[in-house]
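Please read the structure below before turning to the comments.
The values are calculated or read from the model by the stated rules, or taken from the named source; none is laboratory data. None of the values given here were measured: they were computed from a predicted structure. Reconstructed Cβ throughout: ideal geometry from the backbone, glycine too, with neighbour counts over all protein chains shown. Remember, those area values only see protein heavy atoms, side chains included, never the ligands or the DNA or RNA. Shrake-Rupley method; radii C 1.70, N 1.55, O 1.52, S 1.80 Å.
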Amino acid sequence: TTTTTRTGADGFVEALRAHSRRYHDQHPFHVRMNAGRLSRRQVRGWVANRFYYQENIPRKDAAILSNCPDLEVRRRWIRRIVDHDGATAGEGGIEAWLRLGEAAGLTREEVRDHRHLVPGVRFAVDAYVGFARTRPWVEAVASSLTELFAPDLMAARLAAFERWYPWIDPEGLAYFRARLEQAPRDCEHALEVVTAHCLSAESQARAVDALSFKCDVLWSLMDAVDQAYPE
Ligand code: PQQ
């Protein structure tokens, strides 16, 4: 039957949080980035490639909205799309990422036209959007929970960029400052949704698998960037 033993919510949240060990902050490319060991070419390669992730996050969130029958959840979730797309031209996270690119010496055009985008990054990001389109919406929400681990990485990245890459105009780092506030708010909501909906051991296991999948997405993205911009 589908009724199963209810795992304690604490054990479930612990199992989710334990994925911090598989988060992409541990990836060798991120370790080198935060230790100041990347060349300008490598930093630019990462910024240009990560833009594809940024561009697709709102499409991923729109897929979640389209699959979600819960009005209250949709009302809060929609904010993520506005955060990235901006309410008007010149605002939002995608714009902020383009400014990061400019601060790092990339033109807006060369970031937007994907000339630097490598196949592995495209595949990883497309897999994330595809997951949100095709899997049950609560699993897609669970896959966003890597954001539990993002604020520590953002803080480390901000400090590292200011210290090691002074050739990047610090105003270009506004994207990361904004995420320091947005990510905790977003993942608190996602955690609320997942703990409210995943009450059986089976559904909890599927949520943990979804987060595991997302760790793979982010790791694969870094692998692809690492391979394209070797030391
Ligand atoms: N993750 C999501 C998501 O899954 O909905 C949205 C974002 C992330 C962002 O807007 C980010 O900027 C972001 N940044 C990082 C990063 O730079 O390391 C990681 C993640 C993440 O953990 O998925 C996100």
Q) In debye, nearest 20: dipole of the chain around its Cα centre with unit charges on the Cβ of K, R (+) and D, E (-)? A) 280 debye
Q) Angle, helix 174-197 long axis vs. longest principal axis of the chain, Cα atoms, 0 to 90°, nearest 10? A) 10 degrees
Q.
To test your reading of the geometry: what angle, between 0 and 90 degrees and rounded to tens, separates the Cα axis of helix 119-134 from the longest principal axis of the chain?
A. 30 degrees
Q: Excluding Glu91 itself, calculate the net charge of residues whose Cβ lies under 10 Å from the Cβ of Glu91, where each Lys or Arg counts +1 and each Asp or Glu counts -1.
A: -3
(Q) Rg over Rh of region 78-231, using C-alpha atoms and the Kirkwood radius, what does it come to? (A) 0.98
Q: Please work out whether region 1-126 counts as rounded, prolate or oblate from its C-alpha gyration tensor, where a ≥ b ≥ c are the square roots of the eigenvalues and a/c under 1.5 means rounded, while otherwise a/b larger than b/c means prolate and anything else oblate?
A: oblate
**Q.** 0 to 90° range, to nearest 10: angle between helix 201-228 axis and the chain longest Cα axis
**A.** 10 degrees
Q: Please turn the phi angles of region 112-118 into ³J(HN,Hα) values with the Karplus equation 6.51 cos²θ - 1.76 cosθ + 1.60 (θ = phi - 60°), one per residue in order, whole Hz, x for glycine and proline.
A: 6, 8, 6, 5, 9, 5, 9
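Rounded, prolate or oblate: which fits region 37-84 when a ≥ b ≥ c are the square roots of the eigenvalues of the alpha-carbon gyration tensor, with rounded for a/c under 1.5 and prolate only if a/b beats b/c? Can you show the working numbers first?
On the way: a/c = 4.88, a/b = 3.58, b/c = 1.36.
The shape class here is prolate.
Excluding ligands, DNA and RNA, what is the solvent-accessible area per residue of region 9-228 at a probe of 1.4 Å, expressed in Å²? List each step's numbers first, then the result.
Details: 9920 Å² over 220 residues.
In whole numbers, region 9-228 has 45 Å² accessible per residue.
In deg cm²/dmol and to the nearest 500, what is the mean residue ellipticity at 222 nm of the chain if only DSSP H runs of at least 4 residues count, each as -39500 (n - 2.57), divided by the residue total?
Rounded to the nearest 500, it is -23500 deg cm²/dmol.
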